[in-house]
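The values are calculated or read from the model by the stated rules, or taken from the named source; none is laboratory data. Keep in mind the model is a prediction, meaning the values are calculated, not measured. Virtual Cβ from ideal backbone geometry, glycine too; neighbours counted across all protein chains shown.
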Amino acid sequence: MQTAIQQTFSNTHINTATQTSIFSKFVAWCAAQDQNRYGWLGISLGSQGCVFTPLTMFAIVLAGNSIVFWIVGIIAMMMVLVSNLAALPTKYTIPIFLLSVVIDITLIIACASAGFSFNGLAQ
């Protein structure tokens, strides 16, 4: 009679695959780059100060010197400068640098769509 009353239990193990998003992989990679902090500092300050900001400012001048464009361009440069001078970890400085590059490229495209005029350069 014992076997008729005994209940049987079966353990069901369900494997759920955890998927990590691209953003969390990127943030983990940025945190792992902390040993290369000075290299990223040089890359971000050097490329932003010597490449992206002068190109953006040249595009702003050609588009007619709009004060809104100037403010956005200066903010993009200051984001990189302040985050690196504050010695933030690379978990923050690399995304801030990439965001400022995106802002600069968007600003250059906006200036190009507003129309370039070479008349202001002759003065």
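What to note about this one:
- Inter-residue pairs, beta-carbon under 7 Å, first under 16 Å from Cys111 (Cβ atoms) and in region 48-60, second in a helix (DSSP H, G or I) and of a type in the set (Val, Ile, Thr), 6+ apart: Phe52/Val101; Leu55/Ile108; Thr56/Ile108; Ala59/Ile108
- Filtered residues of region 17-53 (kept if over 14 Å from Val80 (Cβ atoms), surrounded by 13 or more Cβ atoms within 10 Å (Cβ to Cβ) and of a type in the set (Gly, Ala, Ser)): Ala31
- Number of the exception - Ile103 against (1) modelled with pLDDT under 90; (2) surrounded by 13 or more Cβ atoms within 10 Å (Cβ to Cβ); (3) out of contact with any Pro (no Cβ under 7 Å at 6 or more places or on another chain): (1)
- Residue pairs meeting the criteria (Cβ under 7 Å; at least 6 apart or on separate chains; first farther than 14 Å from Gly42 by Cα and in contact (Cβ under 8 Å) with a residue 40 or more places away in the chain, in region 87-105; second surrounded by 15 or more Cβ atoms within 10 Å (Cβ to Cβ) and among the aromatic types (Phe, Trp, Tyr)): Val101/Phe52; Asp104/Phe52
- Test set (1) under 25 Å from Gln33 (Cα atoms); (2) out of contact with any Cys (no Cβ under 6 Å at 6 or more places or on another chain); (3) of a type outside the set (D, E, K, R) - Thr90 fails condition number: (2)
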